[in-house]
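All of the numbers you see were taken from the coordinates with simple rules; none came from a lab. Remember, predicted model here, so these are calculated numbers, not experimental data. Every residue, glycine as well, gets a Cβ built from its backbone with ideal geometry; the counts of neighbours run over all protein chains shown.
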Amino acid sequence: MKRLSWLGLIILISVSACSSNSGQKVEQNTEAGEINTTLGLAYLRTNDLNSAKEKLEKALKQNPKSSFTNMAYALLLQKIEEPEKADQYFRTAIKLDPENPEIRNNYGGFLCENKRYKEGVEQFIQAMNNPLYKTPQYAADNIGNCYLKSGDLVHASLMSMSCWMVSMTRL
């Protein structure tokens, strides 16, 4: 009988240790994922695409539910001209954090670049209308550029004026 109670105690301690270790591991993976995402974006900015891909894929394995990591990977895929995959990762990022104006603004840029002007403008509008967005004038400017690319000069010029007004009200 004593043997069973000791065995039970050992199992209980082992299970407790495993569960606390798994919590630490998740936290460590989240932190490592954020670091690898930041490094991946730095490599992307310097056009070191192989290193960017390596870091961002590692970050996705470490933290697949990070909207920031999914957006960063989408930006890489956009850069290496894999639009179908980029679209998928942008959509995942938005699903994970639908209120994030930076994701919406980047996705809008991707959509306009791929001649999906109406969808792009919709993303920019959502970003611009977010009261927590620190730089709504960028989204307004992007709307104007998207209209310009689509050949809609009337809306492009209206957005140029709107961009100026938005930047003046945020001073």
Segment GLU34-GLU54, extension gain: residue separation times 0.36 nm, minus the distance between their alpha carbons: 5.8 nm
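What FRET efficiency, computed as 1/(1 + (r/R0)^6) with R0 = 30 Å and r the Cβ-Cβ distance, is obtained for LEU158 and LYS115, rounded to the nearest 0.05? Display every interim value, and only then the final one.
On the way: r = 21 Å, r/R0 = 0.70.
Given R0 = 30 Å and the Cβ-Cβ separation, E is 0.90.
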Protection proxy ranking, peptides 117-124, 58-65, average beta carbon neighbours within 10 Å, highest first: 117-124, 58-65
Whether segment 42-119 is rounded, prolate or oblate, judged on the alpha carbon gyration tensor where a/c under 1.5 counts as rounded: oblate
Karplus 3J(HN,Hα) series, Hz, for segment 33-49 with 6.51 cos²θ - 1.76 cosθ + 1.60 (x for Gly, Pro): x, 5, 5, 5, 5, 4, 5, x, 5, 5, 5, 5, 5, 8, 6, 8, 5
